[in-house]
Amino acid sequence: MSDNKKVFWVTALRWVGLLPLGLVSVALISFPIHWFVLGNFGIRDREIMLNVEVFLQGIFAPMLLIFVGAVVAPSYKMTSAVVLVCLLIAFIVTGHFWWAGDRMNYQWTNALAQFLGVLGGLALVWRQKTMSNSFE
């Protein structure tokens, strides 16, 4: 196989794998967050433990999805991050208003955490872009 075909297929696979790899990274980060919360709060107060875990998951999941998506993208990394931010914001708003129902008073902290995670992910990508010339 010629080098041009290899480059084409690697680039195509990276574009196709952008979102699935981001979602896998989100699934993988959920375990250390759970262990961290369980180790620090134990099972003494289950409600506090669950609230802290949901808040931390809400911050780190979108942050990691955006960052991994931008790293996996073969080009237009900042544009890819902005597209992921727009998709996540649309999903967060739709999800919280559609599925929250009468639990909306509880859901605002989760939505706040997710918006902080989205902004944090975009900040991580922007910082990586400004600090590294190879991140383009």
Measuring from label point to label point, each 7 Å out along Cα→Cβ, what is the PHE36 to LYS6 span in nm? 3.9 nm
By how many degrees, between 0 and 90 and to the nearest 10, does the Cα long axis of helix 104-131 differ from the longest principal axis of the chain? 30 degrees
Value of [θ]222 nm, deg cm²/dmol, for the chain, DSSP H segments ≥ 4, -39500 (n - 2.57) each, nearest 500: -31000 deg cm²/dmol
Restricting to DSSP loop positions (anything but H, G, I, E, B) with no more than 15 other Cβ atoms inside 10 Å of their own Cβ, which trypsin sites (Lys or Arg not before Pro) remain in the range 19-94? ARG44
Nearest 10 degrees, 0 to 90: what angle lies between the long axis of helix 46-72 and the longest principal axis of the chain (Cα atoms)? 10 degrees
Does the range 3-131 come out rounded, prolate or oblate, given a ≥ b ≥ c as the square roots of the eigenvalues of its C-alpha gyration tensor, rounded meaning a/c under 1.5 and, failing that, prolate meaning a/b above b/c? prolate
Work out how much length VAL93 to ARG46 would gain on full extension: take 0.36 nm times their residue separation and subtract the Cα-Cα distance, in nm to one decimal. 14.2 nm
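Each value in this text was obtained by applying a stated rule to the coordinates, not by laboratory testing. Just so it is clear, the structure is predicted and the values come from calculations on it, not from any experiment. Reconstructed Cβ throughout: ideal geometry from the backbone, glycine too, with neighbour counts over all protein chains shown.
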